[in-house]
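S.K.: Next up is a structure, given as structure tokens.
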Amino acid sequence: MTGDIDRLRQYLAENESRQLKFKSATTQFDSTKLMRYCCALSCEGGGTMVFGVSDDKRIVDTQAFPDPAKMERDIYNRIGLRRTFETLQIDDKRVLILHIPRSIIGHPTSYEGQYWMRSGESLEPMSPERLRELLNEGAPSYLDENEPGTHSWDEIKLLLAVERHYELIGSRMSGEETQIRDFLRMHFVERTAFDASLFCIRRLGAITLARSLNDFPDVEHHTIRVMRLRGTSITNMVFDRAYSKGYAVVFDDVIDQISALLPVNEDFAGGLRDEHRDFSLVTIREIVANACVHQDFMEHGGIDRALENIEKQQTDAPEFIVRTRSTTASYARDVSKTWA
């Protein structure tokens with residue numbers, strides 16, 4: 001088909017990216033390589049290949065794919081993408097434009113049983129991690145699934161701290177219908193299909209606003225726990241507290257507790273008392289928030305915040321340890337060193 005010259009000018013005004021690729025292809029372009037590019041671009045959300053344009057965006061003319069219709073059929077037969085080449089003639093120079101759609105969600109595009117991805121200017125077999133992400137795109141996330149049971153809205157308010165949500169966003173407590181719309185929009189609850197007056201609580205709603213995580217068996221093991229250790233051994237514990245409410249409900253209490261347990265250095269320079277903390281409140285909030293958000297919810301285990309060595313001399317930097325079932329991260333004095 002005949003292409004749009006104005007559209008080509010738009011492409012030439014852009015730089016190459018993960019969605020736009022220029023190829024000179026003055027005499028030919030390997031069909032196997034084309035299939036692999038189509039797979040890679042499709043898996044990356046779709047893109048455009050422009051043949052007959054050099055890397056520095058000069059129109060150089062291409063003789064690749066002399067029968068575009070045949071190549072369109074080959075693309076469909078070999079990788080299942082139904083595409084059409086656009087053909088342009090600019091100053092007697094031929095340019096081909098191929099638009100590649102994104103793959104179907106949960107079904108990445110493959111060629112001869114192999115999945116491909118771009119790495120800089122080259123192509124390479126897709127990593128297992130990236131392939132797993134694409135295969136799981138269509139599946140609901142762990143937090144999107146519902147906890148057991150259905151509830152009226154009055155029961156929802158007994159299980160979830162609805163008022164805390166409005167406190168945190170700085171809004172006045174709204175009426176019931178607005179509350180329902182807000183919680184549906186936030187994916188905290190889901191209305192049942194058989195009765196519009198009943199709701200399921202999603203795991204996201206439970207982990208965020210539960211008055212007690214013990215009411216939700218699927219997430220009750222994801223509690224926050226703060227410990228103070230004498231030394232580094234968990235057997236030598238001088239403070240231990242588990243917070244069995246939703247993260248948004250107890251977050252401020254957790255931050256205040258950790259801040260109170262961390263040592264404070266006092267400076268009396270100039271006759272005035274000045275306190276210096278190894279970890280600012282902003283730093284503590286960021287560490288705790290990251291641990292809550294980025295944990296692996298599929299792992300069975302909560303989040304432990306252990307304050308180690310904090311009974312040493314105050315000149316020593318304490319370590320702030322964040323543990324989940326699968327990872328451990330250590331932060332020392334304003335996160336000056338971190339490892340997992």
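S.K.: Somewhere in segment 19-31, is a residue over 26 Å from GLY106 (Cα atoms) and in contact with a Lys or Arg (Cβ under 8 Å, 6 or more places away or on another chain)?
M.R.: Scanning segment 19-31 turns up at least one residue that is over 26 Å from GLY106 (Cα atoms) and in contact with a Lys or Arg (Cβ under 8 Å, 6 or more places away or on another chain).
S.K.: Among HIS222, HIS187, HIS165, which is the only one that is in contact (Cβ under 8 Å) with a residue 12 or more places away in the chain, surrounded by 18 or more Cβ atoms within 10 Å (Cβ to Cβ) and within 23 Å of PRO140 (Cα to Cα)?
M.R.: Numbers: HIS187 fails: surrounded by 18 or more Cβ atoms within 10 Å (Cβ to Cβ); HIS165 fails: within 23 Å of PRO140 (Cα to Cα).
Residue meeting the stated conditions: HIS222.
S.K.: For ALA210, are the conditions met, namely being among the aliphatic types (A, V, I, L, M) and farther than 15 Å from ALA242 by Cα? So that I can check it myself, show each step before the final result.
M.R.: Numbers: among the aliphatic types (A, V, I, L, M): yes; farther than 15 Å from ALA242 by Cα: no.
No: the conditions fail for ALA210.
S.K.: Here is a follow-up. Of a type in the set (A, V, I, L, M, F, W, C) and either without any contact (Cβ under 8 Å) to a residue 40 or more places away in the chain or out of contact with any Ser or Thr (no Cβ under 7 Å at 6 or more places or on another chain) (or both): is that true of ILE5 in this structure? Give the steps one after another, and end with the answer.
M.R.: Working: of a type in the set (A, V, I, L, M, F, W, C): yes; either without any contact (Cβ under 8 Å) to a residue 40 or more places away in the chain or out of contact with any Ser or Thr (no Cβ under 7 Å at 6 or more places or on another chain) (or both): yes.
Judged against the criteria, ILE5 is a match.
S.K.: Please go through segment 101-154 and give me each residue that is within 20 Å of ALA210 (Cβ to Cβ), loosely packed, with under 11 Cβ neighbours inside 10 Å and charged (D, E, K, R), ordered by number.
M.R.: ASP154
S.K.: A further question follows. For segment 171-180, check the following and say yes or no: at least one residue is free of Cβ contacts under 8 Å to residues at least 40 places away in the same chain, in a loop (DSSP other than H, G, I, E, B), surrounded by 12 or more Cβ atoms within 10 Å (Cβ to Cβ) and on the phi < 0 side of the Ramachandran plot.
M.R.: If we filter segment 171-180 for residues that are free of Cβ contacts under 8 Å to residues at least 40 places away in the same chain, which is where we start, we get 171-180.
Now narrow it down to the ones that are in a loop (DSSP other than H, G, I, E, B): 171-175.
In the following step, the residues that additionally are surrounded by 12 or more Cβ atoms within 10 Å (Cβ to Cβ) were identified as 174.
Keeping just the survivors that are on the phi < 0 side of the Ramachandran plot gives 174.
Yes - at least one qualifying residue is present in segment 171-180.
S.K.: So which pairs qualify, if the first residue must be in segment 280-297 and under 13 Å from ILE255 (Cα atoms), the second must be part of a helix (DSSP H, G or I) and at pLDDT below 85, the Cβ gap must be under 8 Å, and the two must be at least 6 apart or on different chains?
M.R.: If the second residue must be part of a helix (DSSP H, G or I) and at pLDDT below 85, no pairs are left.
S.K.: Among residues belonging to segment 225-238 that are modelled with pLDDT under 75 and not β-branched (Val, Ile, Thr), point out the one that is surrounded by the most Cβ atoms within 10 Å (Cβ to Cβ).
M.R.: GLY231
S.K.: Identify the residue in segment 140-170 that is in a loop (DSSP other than H, G, I, E, B) and acidic (Asp, Glu) and, among all such residues, is modelled with the lowest pLDDT. Show your work before the answer.
M.R.: So in segment 140-170, the residues in a loop (DSSP other than H, G, I, E, B) come out as 140-141, 145, 147-150, 152, 161, 169-170.
In the following step, the residues that additionally are acidic (Asp, Glu) were identified as 145, 147.
Working: GLU145: 88, GLU147: 91.
Here the residue is GLU145.
S.K.: Another question, if that's okay. Among the candidates ARG230, ARG285, ARG277, ARG225, which residue alone is touching a Leu at 6+ places or on another chain (Cβ under 8 Å) and on the phi < 0 side of the Ramachandran plot? Spell out how you get there, then give the answer.
M.R.: Details: ARG230 fails: touching a Leu at 6+ places or on another chain (Cβ under 8 Å); ARG285 fails: touching a Leu at 6+ places or on another chain (Cβ under 8 Å); ARG225 fails: touching a Leu at 6+ places or on another chain (Cβ under 8 Å).
Of ARG230, ARG285, ARG277, ARG225, the one residue that is touching a Leu at 6+ places or on another chain (Cβ under 8 Å) and on the phi < 0 side of the Ramachandran plot is ARG277.
S.K.: Given the conditions (1) under 23 Å from LEU198 (Cβ atoms); (2) touching a strand residue (DSSP E or B) at 6+ places or on another chain (Cβ under 9 Å); (3) not polar (S, T, N, Q), report the number of the one that MET126 does not fulfil.
M.R.: (1)
The values are calculated or read from the model by the stated rules, or taken from the named source; none is laboratory data. Keep in mind that this is a model prediction, so the values were computed, not measured. For neighbour counting, all protein chains shown are included, and Cβ atoms are generated from backbone atoms with ideal geometry for every residue, glycine included.
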